[in-house]
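K.L.:
Pasting a structure here, questions to come.
The values are calculated or read from the model by the stated rules, or taken from the named source; none is laboratory data. Worth saying up front: this structure is predicted, and the values here are computed from it rather than measured. When we count neighbours, we look across all protein chains shown, and the Cβ atoms used for this are built from the backbone with ideal geometry, even at glycine.
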Amino acid sequence: MAARVVIIGAGIGGLACAVRLAAGGHDVTIIEKESHVGGKARRILVDDTPIDAGPTVFTLRDVFDELFEVAGRSLEDYVAIRPAEVLARHAWDADERLDLYADPALSEQAIGDFAGADAARGYRAFRTEAARIYGILEHSMLRADKVSWPLPLMRRIGLTRIGDLLAIRPYESLWKVLGEHFADPRLRQLFARYSTYCGSSPFDTPATLMLIAHVEAQGVWLIHGGMSALAHGLRRVAEEHGARFYTQTQVVDVEFDKGKACGVLVESGEFYPADAVVANCDPSALASGTLGQRAAPAVAPIKPRNRSLSALVWLAHAHGEGFPLSRHNVFFSPDYAREFSDIKRGTVPCEPSVYLCALDRGAASGAQPAGRERFQIIVNAPANGDRFGYTAQEKERCTQAMRRTLERCDLQLEDPLPHRLLTPNDFERFSPSTGGAIYGRASHGWAASFLRQGTRTRIPGLYCAGGSTHPGAGVPMAALSGCLAAQQVAQDLASMRRFHPAATPGGMSMRSATPLDRMGAGTG
């Protein structure tokens, strides 16, 4: 009899977990409170146009190639995907622009043209150091289960390689170490922004996070239909292996038998029995009792001061003129230190850096969109969505600050701007008990990565997955967390069967009939 696993939440981590477990022969049920799969990888209608409202940068393609291969499938059979030639376009004002390319030689040349030969040499040294850090941690930490510091990590790296442990530079800030490579403050600012990929400040994160630059330099990929298309592809693969999806279904309680998770209860009163339960949600939601008070002690809550960044996200369908947009564009603040000190004080920066994803740019034909186009525009913000209300007046103030940054760099958006603005209040509602923090725990301080919630919880049979758990934030990391959860669940279930061969897992199902449209079967 196949072991039964219930996965709460169909974010990227939950979907990856479902694919791995279903492909391994387990009986998998995924319960999702929203009407869509993908979690934050969602689309929202603006001006009758679907606009990506979640992650837009796709890296570490090999994580997904392997995930689909394990299921006997190919990624390209489910999504249309191709490499981006320009990784990102950066601007400080109307005349200061710099592109980074998929070809590192082109990036080095562009940096040299932008800031001189010393800057090009600094970039070369920076790339070498970032690649070394990634190489040290890729299999010892990023693609392995969580470890504590420092002895278990030292054993994985190798006790004879103490130099590698020091080479990851955990005790120095990213901002400080970037100063060793780049005298030009603009380049220091450009590469410091990678800390925001995990919702953190470059002034407080360890230099270890230079590895993110190496991840992006390995390639950025463009997916037709965005990350939601990837999510639907994962769902299809899971369903082809027998997984069942129930959307618009809210789990209200994790049930236990003799101290072990044995299933979940949903809002309608139906019970879904399980031999293992995987919570694909922010650990703060689990700790606050969102999945029932008995499950709350399973993980430690994240204190508000340890939360990652939140964001203001404008989803716009509009005309843009002036600046020659690429797919990914970054417009920098003139005072980076002030930007993050504003956030630390709990306010949205008055002169923010702005990320703009031009969702209709980067077509293989090279043609630019005619008429209005779809934009996702992001400004970093404090995770105070549970303590501060973003009024109409505050939203307008933030919108004008965002526009000033774009206009300083010669990008003019139509006014009034057809858009929907998501604030930390919206992200708090989407992911309760987080304050709107998008990335879980901030990566501040040398020990932050070791304090992140791991796959196992304090309660047997209950596991965690998602971008707020180990190994970290971002689409590929969320997928890796799901794969690690699947691996741990499979190992534990196999162990349980070896030691209790006569036991019958689970209990009786009291599930009522469920309409096909509620299951969402066949969509994608």
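K.L.:
Do you know which residues across the stretch 54-71 are β-branched (V, I, T) and within 9 Å of P476 (Cα to Cα)?
P.N.:
T59, V63
K.L.:
Would you check if R294 is among the basic types (K, R) and touching a residue at least 12 places away in the same chain (Cβ under 8 Å)?
P.N.:
Considered against the rule, which asks whether it is among the basic types (K, R) and touching a residue at least 12 places away in the same chain (Cβ under 8 Å), R294 comes out as yes.
K.L.:
If you go through the stretch 263-289, how many residues are surrounded by fewer than 22 Cβ atoms within 10 Å (Cβ to Cβ) and either among the hydroxyl-bearing types (S, T, Y) or farther than 14 Å from P432 by Cα (or both)?
P.N.:
Within the stretch 263-289, residues that are surrounded by fewer than 22 Cβ atoms within 10 Å (Cβ to Cβ) and either among the hydroxyl-bearing types (S, T, Y) or farther than 14 Å from P432 by Cα (or both) number 9.
K.L.:
For the stretch 173-212, how many residues are farther than 15 Å from S449 by Cβ, touching an Asp or Glu at 6+ places or on another chain (Cβ under 9 Å), among the small types (G, A, S) and in a helix (DSSP H, G or I)?
P.N.:
Adding up the residues that qualify gives 0.
K.L.:
Test each condition in (1) modelled with pLDDT under 95; (2) in contact with a strand residue (DSSP E or B) (Cβ under 7 Å, 6 or more places away or on another chain) for G366 and report the one that comes out false.
P.N.:
G366 satisfies all of (1) modelled with pLDDT under 95; (2) in contact with a strand residue (DSSP E or B) (Cβ under 7 Å, 6 or more places away or on another chain) except (2).
K.L.:
Is one or more of the residues making up the stretch 31-50 among the acidic types (D, E), over 14 Å from L493 (Cβ atoms) and outside the structural domain of T455 (by TED's automatic domain parsing)?
P.N.:
For the stretch 31-50, residues among the acidic types (D, E), over 14 Å from L493 (Cβ atoms) and outside the structural domain of T455 (by TED's automatic domain parsing): present.
K.L.:
Follow-up question, since we're still on this one. Suppose we filter the stretch 213-232 for residues that are touching a Pro at 6+ places or on another chain (Cβ under 7 Å) and part of a helix (DSSP H, G or I); how many remain?
P.N.:
2
K.L.:
Tell me, yes or no, whether the stretch 324-337 has at least one residue that is touching a Ser or Thr at 6+ places or on another chain (Cβ under 6 Å), without any contact (Cβ under 8 Å) to a residue 60 or more places away in the chain and buried (at least 16 other Cβ atoms within 10 Å of the Cβ).
P.N.:
Going residue by residue through the stretch 324-337, those that are touching a Ser or Thr at 6+ places or on another chain (Cβ under 6 Å) are 331-333.
Still in the list and also without any contact (Cβ under 8 Å) to a residue 60 or more places away in the chain: none.
No, the stretch 324-337 has no match at all.
K.L.:
In this structure, does L211 turn out to be touching a strand residue (DSSP E or B) at 6+ places or on another chain (Cβ under 9 Å), touching a residue at least 40 places away in the same chain (Cβ under 8 Å) and within 27 Å of G54 (Cα to Cα)?
P.N.:
For L211, the condition - touching a strand residue (DSSP E or B) at 6+ places or on another chain (Cβ under 9 Å), touching a residue at least 40 places away in the same chain (Cβ under 8 Å) and within 27 Å of G54 (Cα to Cα) - is not met.
K.L.:
List every residue pair whose Cβ atoms lie under 6 Å apart, where the two residues are 6 or more positions apart in sequence or sit on different chains, the first residue falls within the stretch 384-398 and is closer than 14 Å to L422 by Cβ, and the second residue, located anywhere, is outside any helix (DSSP H, G or I).
P.N.:
G385/G435; G385/G436; Y390/T423; K395/L421; C398/L312; C398/V348
K.L.:
Can you tell me which residue within the stretch 178-209, out of those that are of a type in the set (A, V, I, L, M, F, W, C) and modelled with pLDDT under 95, is nearest to G482 (Cα to Cα)?
P.N.:
Out of the qualifying residues, it is C198.
K.L.:
Residues that are modelled with pLDDT of 95 or more, surrounded by 15 or more Cβ atoms within 10 Å (Cβ to Cβ), over 21 Å from the mean Cα position of the chain (by Cα) and aromatic (F, W, Y): does the stretch 101-116 have at least one?
P.N.:
yes
K.L.:
In the stretch 174-198, how many residues are small (G, A, S) and in contact with a strand residue (DSSP E or B) (Cβ under 7 Å, 6 or more places away or on another chain)?
P.N.:
Within the stretch 174-198, residues that are small (G, A, S) and in contact with a strand residue (DSSP E or B) (Cβ under 7 Å, 6 or more places away or on another chain) number 0.
K.L.:
Now for a different question. Just checking, which of E321, E373 is loosely packed, with under 14 Cβ neighbours inside 10 Å and either without any contact (Cβ under 8 Å) to a residue 40 or more places away in the chain or more than 24 Å from the chain's Cα centre (by Cα) (or both)?
P.N.:
Unique residue meeting the criteria: E321.
K.L.:
Which one is surrounded by the most Cβ atoms within 10 Å (Cβ to Cβ) among residues in the stretch 242-262 that are out of contact with any Leu (no Cβ under 9 Å at 6 or more places or on another chain) and assigned to a loop (DSSP other than H, G, I, E, B)?
P.N.:
Going through the qualifying residues, I end up with T249.
K.L.:
Sort out which residues of the stretch 67-100 are surrounded by 16 or more Cβ atoms within 10 Å (Cβ to Cβ), charged (D, E, K, R) and within 30 Å of A243 (Cβ to Cβ), and write them in order of number.
P.N.:
Once the filter is applied, which keeps residues that are surrounded by 16 or more Cβ atoms within 10 Å (Cβ to Cβ), charged (D, E, K, R) and within 30 Å of A243 (Cβ to Cβ), the stretch 67-100 yields only R73.
K.L.:
On to the next question. Has the stretch 447-468 got any residue that is out of contact with any Leu (no Cβ under 9 Å at 6 or more places or on another chain), assigned to a strand (DSSP E or B) and assigned by TED's automatic domain parsing to the domain that holds L230?
P.N.:
Yes: the stretch 447-468 contains one or more residues that are out of contact with any Leu (no Cβ under 9 Å at 6 or more places or on another chain), assigned to a strand (DSSP E or B) and assigned by TED's automatic domain parsing to the domain that holds L230.
K.L.:
Here is a check on your reading of the model: is Y272 among the aromatic types (F, W, Y), modelled with pLDDT of 95 or more, in contact with a strand residue (DSSP E or B) (Cβ under 6 Å, 6 or more places away or on another chain) and within 19 Å of P460 (Cα to Cα)?
P.N.:
yes
K.L.:
Tell me, which residue of the stretch 290-300 that is part of a loop (DSSP other than H, G, I, E, B) and small (G, A, S) is surrounded by the fewest Cβ atoms within 10 Å (Cβ to Cβ)?
P.N.:
Looking at residues that are part of a loop (DSSP other than H, G, I, E, B) and small (G, A, S), I get A300.
Yes/no per residue for (1) part of a helix (DSSP H, G or I); (2) modelled with pLDDT of 95 or more; (3) of a type in the set (S, T, N, Q):
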residue	(1), (2), (3)
M1	no, no, no
C17	yes, yes, no
T29	no, yes, yes
D62	yes, yes, no
E69	yes, yes, no
G72	no, yes, no
V79	no, yes, no
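K.L.:
Would you confirm, using the coordinates I've provided, whether L137 is modelled with pLDDT of 95 or more and aliphatic (A, V, I, L, M)?
P.N.:
Judged against the criteria, L137 is not a match.
K.L.:
Which of the residues spanning the stretch 380-419 are assigned to a helix (DSSP H, G or I) and of a type in the set (D, E, K, R)?
P.N.:
E394, K395, E396, R397, R403, R404, E407, R408
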